[in-house]
1. I want to check the label-to-label distance for A286 and F463. Put each point 7 Å from Cα in the C-beta direction and report it in nm to one decimal.
2. How far is the Cα center of region 471-488 from the Cα center of region 343-360, in Å?
3. Have a look at L43, G79, I91 and report the one farthest towards the positive end of the charge dipole of region 40-97, computed about the Cα centre with Cβ charges (Lys/Arg +1, Asp/Glu -1).
4. With +1 on the Cβ of every Lys and Arg and -1 on the Cβ of every Asp and Glu, and nothing else charged, how large is the dipole of the chain about its Cα centre, in debye rounded to the nearest 20?
5. Could you order peptides 348-359, 297-308, 219-230 by the average number of other Cβ atoms within 10 Å of their residues, highest first?
6. For the chain, what does -39500 (n - 2.57) per DSSP helix run (n ≥ 4), summed and divided by total residues, give at 222 nm, in deg cm²/dmol to the nearest 500?
7. In degrees, nearest 10, range 0 to 90: what is the angle between the Cα axis of helix 423-439 and the longest Cα principal axis of the chain?
8. Determine, at each q value in 0.09, 0.12, 0.13 (inverse angstroms), the log₁₀ of I(q)/I(0) that the Debye formula gives when each Cα of the chain is one equal point scatterer.
Amino acid sequence: MAAEGTVTRRPTAVVIGASATGLLAAAALADFADVTVVERDRLPDGPEPRRGVPQARHAHLVWSGGVKAFDDLLPGLTGEIVAHGGRLVHIMGDMVSRAPNEVWFRRFTSTHHRNLVCSRDLLDSVLRHRVLADERITLRQETTALSLEGDATAVTGVRIRAGAAAEADAGADADADADAMAGERTLRADLVVDASGRGSRAPQWLTELGAPSITEREVNAGVAYATRLYRAPEAARNIDFPLVNVQANPAKAPGQGGIVLPIEGNRWIVTLAGTRGGEPTDDPGAFVDFALNLDDPVIGELLKGLEPLGDIVTTRATANRRRYYEQVKHWPDGFLVLGDAIAGYNPVYGHGLTVAAQCALAVRDTLDATGLGRSRLGRPGLGRPGLARRLQRAAARPVAAAWDLAVGQDALYPGATDTPPNGIERLLARFVDKAVETGARNPRAMAALLDVMSLERPATRLFSPDMLIPMLIGPRRPHLQGPPLTDAERKTTVP
């Protein structure tokens with residue numbers, strides 16, 4: 001009980017961006033603070049596209065490490081998504097996949113890994129509904145974050161400007177200049193979280209406060225993506241049709257690949273990809289031909305004769321870009337950067353959503369470990385000295401794991417980076433190729449490989465006996481000579 005005459009309050013947090021990262025961060029913080037989510041767009045009511053997530057049109061999945069983080073943060077979230085049409089797929093049992101080294105994986109069912117597959121619109125809709133139903137979380141839509149308040153030692157809030165609709169709701173005057181001034185204000189907070197994605201302005205905001213510049217690195221394989229929705233063939237609607245994935249080979253520049261994701265509504269999302277000199281286009285007449293001309297034509301064969309649903313969507317914003325906030329020696333208290341605002345990855349690896357969930361979980365677990373307590377009022381300790389730096393370092397761990405996996409492959413493409421892989425990095429790349437080759441034929445090795453790829457275990461798992469023994473002495477099954485589709489799955493192909 002508070003002493004007589006004292007005023008108690010819960011700590012406050014502001015999260016910039018109602019992306020998946022921002023919503024998961026808000027969920028992680030709600031046990032410790034009253035949270036305001038600032039979002040520049042107006043969010044849709046249901047599973048519909050929105051301007052602030054242009055990459056949502058392309059294929060998405062959540063690795064099993066992300067599925068576990070989803071349900072740890074928001075118990076039952078995965079089940080809700082599945083109830084609305086999403087699907088938990090067994091990796092590798094429900095997946096037909098060719099590795100970058102052109103080895104086809106066997107469809108082992110002995111591993112525990114299950115990935116979440118659905119449209120991004122569905123995932124975001126269920127997540128929004130779940131998180132924003134929490135009375136401790138407030139959403140401010142059509143509101144732009146302009147800058148940070150504070151100085152190089154501590155961030156105390158964020159300067160915001162309300163959009164036209166928000167100002168009208170607030171009863172702003174008719175005069176345009178007065179409206180602009182009325183819509184601009186400062187939100188004070190014990191903790192400000194930047195979850196604004198790849199377009200984050202945090203480096204600029206920090207230098208404006210007098211903080212040092214942030215070290216950045218980019219590895220850009222020059223990948224372009226083209227995605228089209230198709231109506232699933234009738235025969236595929238009565239079976240759990242597998243994901244079909246043909247990965248690009250960095251040794252054969254330009255690298256080209258593609259993936260078919262069966263999603264809710266009897267639809268297939270098909271994303272094709274190619275590096276410099278081999279990019280797919282938005283030409284409807286060339287889409288299927290591109291798929292047929294991959295190193296294996298299985299995706300093109302599946303698409304022949306299918307009904308497309310809408311136009312082709314393309315993007316080139318696929319570079320791996322990382323900002324090393326955790327290396328800043330004097331990190332300002334009261335500020336935290338999460339998700340794609342720390343690092344964005346080539347989407348082909350599918351790690352963005354998993355990292356977002358694991359970053360939020362790391363924040364929650366770190367706050368638990370500080371002893372702040374989830375029910376203590378009147379102790380706004382989120383801004384206390386050193387805590388934000390500790391949170392930033394915790395969030396960097398899942399980021400680093402996904403970064404190493406993505407860059408280990410993409411750095412091998414010509415022109416991807418100004419600092420090509422050194423001898424040790426090339427040696428590790430060859431070891432990973434060997435691990436993939438072994439996992440393609442051995443279930444124990446495959447389980448170890450998936451532990452790492454799903455971000456459930458660190459890369460050292462690849463050096464465990466489960467991988468090394470099969471790698472060195474077998475048993476060795478022959479490599480598959482083609483995609484391991486079942487007879488029922490092959491019958492869905494339209495001649």
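Values quoted throughout were computed directly from the atomic coordinates according to the rules given, and no laboratory measurement underlies them. From a predicted model like this one, the values you see are computed outputs, not experimental measurements. Here the Cβ is made from the backbone with ideal geometry for all residues, glycine too, and neighbour counts use every protein chain on show.
1. Output for this residue pair reads 4.5 nm.
2. Value for the Cα centre distance between the two parts: 30 Å.
3. About the Cα centre, the residue reaching furthest to the positive side is L43.
4. Details: 57 positive and 59 negative charges, 328 e Å.
Here the size comes out at about 1580 debye.
5. Going by the mean number of other Cβ atoms within 10 Å, highest first, we get 348-359, 219-230, 297-308.
6. -9500 deg cm²/dmol
7. Roughly 60 degrees between the two axes.
8. Listed by q, the Debye log ratios stand at -0.65, -1.11, -1.27.
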